[in-house]
Amino acid sequence: MFPLIPTSYFVALSGILFTLGVVGVLTRRNAIIVFMSVELMLNSANLAFVAFARQFMDVSGQVFVFFVMVVAAAEVAVGLALIVTIFRTKKSINVDEISQLKG
Amino acid sequence: MFSLVPLIIFIPLAGFAINALFGKQLGGQRAALLAVVAAAASFGIALAQYAALAGNGYHAETVLLAEWIHIGDFHVEWAFLVDTLSVTMMLVVSGVGTLIHIYALGYMREDVHHNHDEGRYTRFFVYLNLFLASMLVLVTGDSFLTLFVGWEGVGLCSYLLIGFWFEKGEKNIGNARAAMKAFVVNRIGDFGLMLAMFLIFWTFGSLTYAEVFERLETVRLEEWVIPAITLLLLLGAAGKSAQVPLYVWLPDAMAGPTPVSALIHAATMVTAGIYMITRSHELYALAEISMNVVAWVGAITAILAATIAVAQTDIKRVLAYSTISQLGFMIAAVGLGGYVAGMFHLVTHAFFKALLFLGSGSVIQAMERGAHHAHDHVDPQDMRNMGGLWGRLPITKWVYLIGALALAGLPPLSGFFSKDEILLDAFKHNQAIYWVLVVAAFFTAFYMGRQLLMVFFGQARTPSAEHAAESPAVMTAPLIILAVLSVVAGALNWPGLHWFTDWLGHTLGEHEILEFNWTVAGLSTGLALLALGAAYALYSRAFQRAEDKDPLESLLGPVFGWLRNKWYVDELYGFLFVKPFNALSHLTARAIDLGGIDMTFTNFGELAREVGRGFSRLQRGYARSYALVMFAGVVLVLAMFLVFR
C-alpha cells in the first residue's frame, strides 16, 4: 500500500472550510449566500467525518455523513421557502433589513 | 335603688345611639325630645341615688357592673361608686344638663336656621347625649381609670361640639381650629394625668380609689412619690379645668354654640379637675407642697383671667374668662384644704354660670332676630353693638341680672355664700392668697357690672339692638329655673346650718367648720358694691355709639391694650411652641418623608427601569450580530476546554 494522506491534512482542510463558512455567514448580506456558507460549514463537517472513518476503518463515520446530508437538505428546503416568503413582502433578501424584533 | 345607677350612663348612651343611627328617620323634633327625655331620666336616677344614700345612712356603696381588666395583679372593674361626693356631681351634671337640653331645643332650632343647615339639628343632640354619658362615667367611676375614660370622652365631645359648625368661623376654619386647640391643650393635661396614674399603679398596685387610699398607710412611700403624683394630677386638672398655663383653649371654645359653652365649658366638664382633686384629697393631704402649688395656681388663674375679662368686647368671652377665674377660685379653695368650699362654689357656679351663658345665648339670638328684622349686619355677640335691651327683653333681663349679681357675690344670692366660704378658708390659711382672691373678686363684680351696663342699659346702639326680640318659652323657662336656683342655692351651706359640709363630710371625712366672719363677708360685699359702683360711674354714660372708645382705655392707657389682648399669652405660646412645632412638622413631612424616604423608593424603581432599558438596547434585531455573539461564545468555550484540560 502507498502511504495514506495524514488525517491531520483532512482535518485542517475541514477547519479552513468551516472558517470560510463562518466568515461567509457573518459577513454576507445576501441571504442565499448565507445559506451557501452554512452548506459549506456542513460539508466541512462531512469531510472530517469521512477522514476519521478512513483512519479508523469504521464505516459509521460515512453513515453519519448521510444523516448530515439529509439534515442539510431539509434545512435548505425550509430556509429557501422562508426567503421566498420574505422576498414576497420586503422585495429584498438583505438580512440587515430583517430587524423588526428589537428592544 | 343603688343598682339603678348603671342606667344613669346607659340611658343617655342609648339616646346617643338611637339618635346617631336613626336620627334621620326620627326627624329633628323627635330626636331632640328623645335626647331631653334621656337627660331627664338620668337626673331621675341621680335623685334615686340621693334617696338611696339617705336611706343608707349616707354610707358609700359600690355597684359592680362587670370585670374589665384582669392582667396578673392589675385589676380594674366597671364599677360605680355612689357616695355623697359623686351624687353631688351626678345631680349637678344631670340636672343642669337636662335644663340645657331643654334650652337647646329652642336655641338650636334658630341656630341651624341662621346657619342654613337644618339637617344638623339632630347631630347636636347626638353629641350632647354622648357628652352627658361621658361626664357621668367620669363622676361615677370607682377608679382612676374609669375617671380617665370619662375624661377622654368629654374631651372628645368638647372637640366635636366646639367644632359643630366646622366650616364656619374665621377664614372658614376658625371653629375647627378652636376645636383642635381645645383638644391639643387638653392632651397636655391628659399626659399629666396618665403619668400620675402610672405612678399610682406603680406605687400602690391598684387604680381603684378605695384600694389606693387604703394602702396609703401600709405602703412604704419614698419622699418624692406623692408630691409627684399630686402635681401630675394638678397638670391634668389644669388642662381640663382651664388653669394657668393651660387655660388658653377655653376662650376660643366659645366658637361652639352657646348651650355647649354653658354645659361643657361652665357647668360640667371644666369642673372635672376640681372633682378629681377633691376625690384624691387623701393623696393631697400627704403633700403640703403640692397643695400650696394648687392653691397658688388657682389664685393666679383667678386674678389673671379676671383682669382679661374687664377689657373684652364679646359677650361670651367675658363669661369665658369669668369661668376661668371662678375655676381658679375653686382650685385655690381645694388647694387650701377647703374641699367643701370648692365643691359648694362648683355647685352654685354651675347654676349661675350656666344661667349667664344661656342668658347670653338668649341675648345673642335676640340681636340676631333684630338684625333679621332690620336687615342689619353687625356682630350679634359684640357688646358694643348692644345697649338698651332692658326695655326689650322682659325675661332675659331679670334672669341675667340675677346671674350677674350672684356671680359678683352679692348677698343673699348663692354666689355670695360659696365665694365667702372660699375667702374664709383663704383668710384662715393663707393671707396672701386671700388678698389675691379679694382683688379678683373685685374685678369680677366690676366686669359683670360693665357687662350689664353695656348690654342692657343706655340707648340701643344699632338697629339690631333696637329691634331685638325676646326668646321663646322653651328657652326662657330653663333660664327662670336656673335663676331661682342661683338665688336659693346658698341655703345648701348656710353658716350655722352647714348642711352641705355634713353631707360631703360622709365622704371627705371630718371637715373643719369655719366660723362666719363678719369682717370677711362685709369686706367682700363692700368691695362688690364698690366695683359695681365704679362700673356704673364709668359705663353708664359711655358708649353712646358703637364705635366709642371704652372709658377704661383712657383710664388705663397702654395697660388696656395688654388686657384686651389677653396679655399676649396666645402669641407667646405661638412663638414658643406652635411655630417651632409646625416648622418641625414641615421638616419631617416635606424633607424627610417626601424627600428622603419616598425618594429612596422611587429611586429604586427608577434604577430597575434604567437597568432594563440598558439591557433592551442589546437587542437590535440584526441577526448577524446575534450570530457573531454566538460564534464568539463558542470560541470562548472551546478555548476554555483547550486551556483547562
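Values quoted throughout were computed directly from the atomic coordinates according to the rules given, and no laboratory measurement underlies them. Every value quoted in this text rests on a predicted model; they were computed, and no experiment measured them. All Cβ positions, even for glycine, are placed from backbone atoms using ideal geometry, and neighbour counts span all protein chains on display.
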With axes computed from alpha carbons, what is the tilt in degrees of helix A:60-90 against the longest principal axis of chain A, rounded to the nearest 10 within 0 to 90? 10 degrees
Please report, in whole Å, how far the alpha carbons of region B:440-522 spread along each principal axis, starting with the longest. 58, 34, 18
Which three extents, in angstrom, do the Cα atoms of region B:287-326 have along their principal axes, listed largest first? 41, 13, 7
For B:A79, what residues show an amide H to amide H distance below 5 Å, using hydrogens built from the backbone and excluding near sequence neighbours? B:L65, B:D142
Charged-residue dipole, Cβ positions (Lys, Arg, Asp, Glu), chain A about Cα centre, Debye nearest 20: 380 debye
One point scatterer per Cα, no solvent, Debye formula: log10 I(q)/I(0) for the protein assembly as shown at q = 0.06, 0.09, 0.10 Å⁻¹ comes out as -0.47, -0.82, -1.00
What is the projected area of the convex hull of the Cα atoms of region B:2-67, averaged over all directions, in nm²? 5.0 nm²
Suppose every Lys and Arg Cβ carries +1 and every Asp and Glu Cβ carries -1, with no other charges. What dipole size does chain B come out with about its Cα centre, to the nearest 20 debye? 2480 debye
Cα-Cα longer than 31 Å, checked against B:K24/B:K566; B:K168/B:K419; B:K24/B:K168, kept in input order, equals B:K24/B:K566; B:K168/B:K419
Note down the nm distance, to one decimal, between modelled labels 7 Å out along Cα→Cβ at B:L26 and at B:E118. 1.9 nm
FRET efficiency, 1/(1 + (r/R0)^6) with R0 56 Å, evaluated for B:W398 and B:H75 via beta carbons: 0.55
Using modelled amide H (1.01 Å from N, peptide plane; none on Pro or chain starts), what sits under 5 Å from the amide H of B:T462, excluding residues fewer than 5 places away? none
For region B:268-369, just the Cα set please: Rg and Dmax, both in angstrom. 15.3, 56
Note on chain B: helices (DSSP H) long enough, at least 27 Å by alpha carbon along their axis, and hydrophobic enough, mean Kyte-Doolittle at least -1.0, are B:28-55, B:84-114, B:121-140, B:174-204, B:288-309, B:315-335, B:339-374, B:431-456, B:518-539, B:623-643
Using alpha-carbon positions, what is the distance between the centroids of region B:4-39 and region B:483-553, in Å? 37 Å
Can you check what the Kirkwood hydrodynamic radius comes to for region B:293-564, Cα pairs only, in Å to one decimal? 18.8 Å
Let me know the volume per residue of the alpha-carbon convex hull for region A:7-97, in Å³. 58 Å³
For the pair B:R220 and B:N517, the simple spin-label estimate (label points 7 Å beyond Cα toward Cβ) gives in nm 4.3 nm
State the extension gain, in nm to one decimal, for the chain segment bounded by B:W202 and B:A17, taking 0.36 nm per residue of separation less the distance between their alpha-carbons. 62.9 nm
Can you give the convex hull volume of the alpha carbon atoms of region B:106-185 per residue, in Å³? 83 Å³
Which value in nm describes the separation of the simple spin-label points at B:L33 and A:A74, placed 7 Å from the Cα toward the beta carbon? 9.7 nm
Rule-of-thumb Rg ratio for chain B [Cα; 2.2 N^0.38 Å; N residues]: 1.19
Dipole size in debye (nearest 20) for the protein assembly as shown around its Cα centre, Lys and Arg Cβ +1, Asp and Glu Cβ -1? 3580 debye
Quick check on region B:173-239: what are the equivalent-ellipsoid semi-axes from the Cα gyration tensor, as sqrt(5λ), descending, whole Å? 32, 11, 8
Return A:I83, B:I315 ranked ascending by Cβ neighbour count within 10 Å, so the fewest neighbours appear first. A:I83, B:I315
Just name one of B:F10, B:H375, B:I303: the one whose Cα is farthest towards the positive end of the charge dipole of the protein assembly as shown (beta-carbon charges, Lys/Arg +1, Asp/Glu -1). B:H375
Region B:613-645 versus region B:99-174: alpha-carbon centroid distance in Å: 78 Å
Could you tell me the distance between the Cα centroids of region B:362-405 and region B:570-600, to the nearest Å? 45 Å
Pairs of alpha-carbon atoms within less than 8 angstrom and 6+ residues apart define the contacts here; what relative contact order does chain B have, in percent? 12 percent
Extension length gain for B:A627 and B:A491 (0.36 nm per residue less Cα distance), in nm, is 37.9 nm
Calculated FRET value between B:A583 and A:K102, using beta carbons and R₀ = 60 Å, to 0.05: 0.65
Restricting to Cα pairs below 8 Å that are 6+ residues apart, what does the relative contact order work out to for chain A? Please round to a whole percent. 27 percent
